[in-house]
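Asker: First, the structure itself, so that you have it in front of you.
The values are calculated or read from the model by the stated rules, or taken from the named source; none is laboratory data. Every value quoted in this text rests on a predicted model; they were computed, and no experiment measured them. Backbone-built Cβ (ideal geometry, glycine too); neighbour counts: all protein chains shown.
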C-alpha cells in the first residue's frame, strides 16, 4: 500500500512540475477570461523592466519572440484594448541581442496579429484619409532578425497617424531611440515603451474597421525611455500632440525642436495613467523617474 501511495505522490508531483514548466512556453502568453476580457499572463514577461503595470481589465497581453541562436528573444510586447482594438502601449528593449543590424526592412505586407482572437482582428488595410499605419515598435527598431522585423508589421503594432506626423515628426524620435539603443557605449540596455492615448478626451476621432471595431485616433503620442549603463539608471520621456507640424519625410523635425516635448517619466505617468518601469526596485524607480538630464541623453 505504501508503494502505491508513493507512486501516486510522485505522479502528482510530476504533474505539478510539468504545469509550472509549461508556463514558460511562448504559446501560453495570454488567454481571455471572464466577462471583462481580463487575461492570464506569463509571469516571466510581466516582470520585465520595460513592461508597464497592466490594466488587467478589458485588455489582453501579447508578446512576440524569435529564436536568436539558442536563445528565445522577445521582439516586443503590448497590451491590447479589446474594446478599442488598439494597443495601450508597446514595449521592447535594445540589448546585446536586439541592437544588431543584420537585415533590412521586410517586404512582407501588413497583416493581422496571429495571436489576436479572430473577433479582434481589424484587417490589414490602411486607416484611410490622412492616416498612415504608424508603427509603434518601428520596423527599424528590429533589424536583428528577419522574423522579428516581419512581426513589426502586425496590426496590433499599428496606430492611425497623420501622414506628415508619422513621416516628418515621429520619425525623428524613432531615429533618436535607434541611435541610442544601438550604441553600446551609451547603454548596456535601453528599455523602450511607446504608445498613443486612447482614453477619455485624448482621442481625435474613431476609424471604423472591417470587424466593426471603432479604433481611436490618439490625440497624443508618447515614449518612455530608460537606460542602464554600468549599473546606473537614467530616464527621459516625450509627450507630443498628434497634429500637422509642417515637416515631411525629406525634412524631419530637429531633435532640438523635439526636446520641447520632453517630460519626466513621473509627469508622463500623470498624463497617460500608465505606470512605467514599475518592476524596478522602488528606491531606484522613484529617484530615476522624477528627473531627466538632456546632457545625459545627448540632446542640445
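Asker: When you scan the stretch 74-91, do you find a residue that is touching a strand residue (DSSP E or B) at 6+ places or on another chain (Cβ under 7 Å), buried (at least 19 other Cβ atoms within 10 Å of the Cβ), without any contact (Cβ under 8 Å) to a residue 40 or more places away in the chain and part of a helix (DSSP H, G or I), even just one?
Answerer: no
To keep it simple, each residue is scored yes or no on (1) touching a residue at least 40 places away in the same chain (Cβ under 8 Å); (2) over 22 Å from residue 171 (Cα atoms); (3) over 18 Å from the mean Cα position of the chain (by Cα); (4) surrounded by fewer than 23 Cβ atoms within 10 Å (Cβ to Cβ).
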| site | (1), (2), (3), (4) |
| --- | --- |
| 113 | yes, yes, no, yes |
| 117 | yes, yes, yes, yes |
| 123 | yes, yes, yes, yes |
| 126 | no, no, yes, yes |
| 132 | no, no, yes, yes |
| 139 | no, no, no, yes |
| 145 | yes, no, no, yes |
| 148 | yes, no, no, no |
| 153 | yes, no, no, yes |
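Table: residues versus (1) assigned to a strand (DSSP E or B); (2) without any contact (Cβ under 8 Å) to a residue 40 or more places away in the chain; (3) exposed (fewer than 14 other Cβ atoms within 10 Å of the Cβ).
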residue	(1), (2), (3)
186	no, no, no
195	yes, no, no
204	yes, yes, no
212	no, yes, yes
223	yes, no, no
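Asker: Looking only at the stretch 49-66, how many residues end up being more than 23 Å from residue 285 (Cβ to Cβ), surrounded by fewer than 23 Cβ atoms within 10 Å (Cβ to Cβ) and in contact with a helix residue (DSSP H, G or I) (Cβ under 8 Å, 6 or more places away or on another chain)?
Answerer: Taking the stretch 49-66 as the starting set, the residues that turn out to be more than 23 Å from residue 285 (Cβ to Cβ) are 57-58, 60, 62, 64-66.
Among the residues that remain, those that are also surrounded by fewer than 23 Cβ atoms within 10 Å (Cβ to Cβ) are: 57-58, 65-66.
So of that shortlist, the ones also in contact with a helix residue (DSSP H, G or I) (Cβ under 8 Å, 6 or more places away or on another chain) come out as 65-66.
Total satisfying the criteria: 2.
Asker: Going through 163, 181, 200 one at a time, which residue ends up being over 18 Å from the mean Cα position of the chain (by Cα) and either crowded, with 19+ Cβ neighbours inside 10 Å or at negative phi (or both)?
Answerer: When all the criteria are applied, what remains is 163.
Asker: Quick one: which helices (runs of 4 or more DSSP H) sit completely within the stretch 232-300 and have at least 2 residues that are touching a residue at least 12 places away in the same chain (Cβ under 8 Å) and in contact with a strand residue (DSSP E or B) (Cβ under 7 Å, 6 or more places away or on another chain)? Walk me through how you get there before you give the answer.
Answerer: Values: elements: 255-258, 265-272, 282-289.
Hits in the stretch 232-300: 265-272, 282-289.
Listed here are the residues, each with its yes/no results for (1) at pLDDT below 50; (2) assigned to a loop (DSSP other than H, G, I, E, B); (3) in contact with a helix residue (DSSP H, G or I) (Cβ under 6 Å, 6 or more places away or on another chain).
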{"position": "11", "(1), (2), (3)": "yes, no, no"}
{"position": "44", "(1), (2), (3)": "no, no, no"}
{"position": "100", "(1), (2), (3)": "no, yes, no"}
{"position": "109", "(1), (2), (3)": "no, yes, no"}
